[in-house]
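The values are calculated or read from the model by the stated rules, or taken from the named source; none is laboratory data. Quick caveat, the model's predicted, so the values are computed rather than measured. Please note: Cβ atoms are built from the backbone with ideal geometry, for glycine as well, and neighbour counts cover all protein chains shown. For accessibility, only protein heavy atoms count, side chains too; no ligands or nucleic acids. Shrake-Rupley method; radii C 1.70, N 1.55, O 1.52, S 1.80 Å.
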Amino acid sequence: MADQEYTEAELEALAGKAISRPLVTHIYTADPSAHVFEGRLYVYPSHDIDAGIPFNDDGAHFGMEDYHVLRMDSPEGEAVDCGVALHVDDVPWAERQMWAPDAAVKDGRYYLYFPAKCADGLFRIGVAVGERPEGPFAAEPEPITGSYSIDPAVFADDDGEHYMYFGGIWGGQLQQYRDNTHAADNEEPADGEPALGPRIARLTADMKQFAEAPREVVIVDEAGRPLLAGDHDRRYFEGPWMHRHQGRYYLSYSTGDTHLLCYATGDSPYGPFVYQGVILTPVIGWTTHHSIVEFEGRWWLYYHDSILSGGVTHLRSAKVAELHYEADGRIRTLHPYGE
Ligand code: FUB
């Protein structure tokens with residue numbers, strides 16, 4: 001996850017062609033999870049900082065310490081920084097690396113879900129509860145039992161159930177787990193074997209625990225064969241998101257080292273999901289991470305890039321662009337700096 005090298009002229013040219021601007025410029029924000037709460041848009045991003053930690057393959061340089069929530073009256077309006085919603089110092093079980101969060105609401109209470117590393121060096125996922133969409137949030141004393149890896153995304157289905165999707169390979173440690181059991185020497189499957197999938201677990205009625213053991217989500221090709229680990233242009237890497245459109249379930253995600261946002265569709269929150277195509281071609285910066293939200297009948301892609309920091313991969317800026325569906329439900333591919 002190294003920085004990409006760009007000349008100033010190249011960055012300026014790309015910035016000029018960019019399809020959207022950073023939501024805010026006074027802080028770096030990434031991994032934006034957007035929701036409509038109380039009729040307004042609330043965006044739950046990572047808060048990128050330069051923690052002074054040298055780059056490594058585990059992503060230690062992503063040394064984030066807190067979360068700020070952004071509020072927008074519309075996707076085309078200004079984003080207001082609502083301030084610190086939760087700090088790692090206020091999470092009893094977490095030591096470092098407050099990575100991509102998400103949020104949900106139930107019965108008038110708001111739940112912030114977030115991954116962080118414990119003292120043992122393993123990521124777990126926690127929940128913090130608040131009375132307002134922007135927080136502040138009070139963390140539960142322990143992470144969610146049975147949680148692991150990164151990138152929680154909580155989906156509210158029409159029947160009132162909530163499901164958490166999570167998991168990311170490489171720095172996100174998902175490859176170290178099989179059947180929800182950890183072994184540090186577990187590796188990614190070989191190229192010709194089925195790829196690892198994100199995990200899904202239904203949440204308990206109080207939104208604070210898994211109601212079931214996490215299951216692995218399978219993404220298949222058009223012939224129904226699981227995508228293979230060597231298929232880096234299509235296989236799951238990190239950053240899951242779930243939304244429904246015209247009755248179908250859309251699982252979208254990052255392909256990591258090929259820097260694409262892709263999607264797959266299915267008939268159940270558990271899948272299987274059939275790979276469909278690319279939502280967003282690569283952005284400036286190594287990571288790509290997104291959410292999809294409907295606001296007043298139009299659909300929006302929240303994503304990030306590293307233009308503002310001059311290509312520094314751990315100093316990103318959240319952005320938003322309109323998303324379009326074709327009549328058959330396919331998502332039209334977006335190009336962040338024009339075609
Ligand atoms: O922000 C830290 C990590 O980078 C996220 O958890 C990943 O999805 C990637 O965007």
Original post:
Efficiency by 1/(1 + (r/R0)^6): what FRET value for residue 215 and residue 84, r their Cβ-Cβ distance, R0 = 30 Å, to the nearest 0.05?
Top reply: 0.30
**OP:** List every residue whose amide H lies under 5 Å from the amide H of residue 277, counting only residues 5 or more places away in sequence or on a different chain, with H placed 1.01 Å from N in the peptide plane.
**Re:** 263
Subject >> Tensor-based shape of the stretch 120-171 (alpha-carbon gyration tensor, a/c under 1.5 rounded, otherwise prolate or oblate) >> reply: oblate
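Please compute the per residue accessible area over the stretch 8-332 with all protein chains in place, 1.4 Å probe, rounded to a whole number of Å².
Details: 12460 Å² over 325 residues.
Dividing the accessible area of the stretch 8-332 by its residue count gives 38 Å².
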Subject >> Karplus-derived 3J(HN,Hα), 6.51/-1.76/1.60, for each residue of the stretch 151-167, Hz, glycine and proline x >> reply: 6, x, 9, 9, 10, 9, 7, 4, 7, x, 6, 10, 10, 9, 9, 7, x
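Out of the total accessible area of the stretch 8-332 (probe 1.4 Å, heavy atoms of protein only), what percent is carbon and sulfur?
Numbers: 5880 of 12460 Å².
Looking at the stretch 8-332 in its full context, I get 47 percent from C and S.
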Subject >> 3J(HN,Hα) from dihedral phi, the stretch 199-216, Karplus parametrisation 6.51/-1.76/1.60, rounded to Hz, x for glycine, proline >> reply: 9, 9, 9, 5, 8, 5, 4, 8, 6, 10, 9, 7, 8, 7, 5, x, 10, 8
Original post:
What does the charge add up to near residue 247, with Lys and Arg as +1, Asp and Glu as -1, over the other residues with Cβ less than 11 Å from its Cβ?
Top reply: 0
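Using the Cα centre as the reference, give the magnitude of the dipole from point charges on the C-beta atoms of the stretch 8-332 (Lys, Arg: +1; Asp, Glu: -1; all else neutral), rounded to the nearest 20 debye.
On the way: 25 positive and 52 negative charges, 95 e Å.
My answer is approximately 460 debye.
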Original post:
Bin by bin, in steps of 20 Å, what percent of the Cα pairs in the stretch 8-332 do you find, going until the bin that has the longest distance?
Top reply: 35, 61, 4
**OP:** Take each of the peptides 60-72, 128-140, average the number of other beta-carbon atoms within 10 Å over its residues, and list them starting from the highest.
**Re:** 60-72, 128-140
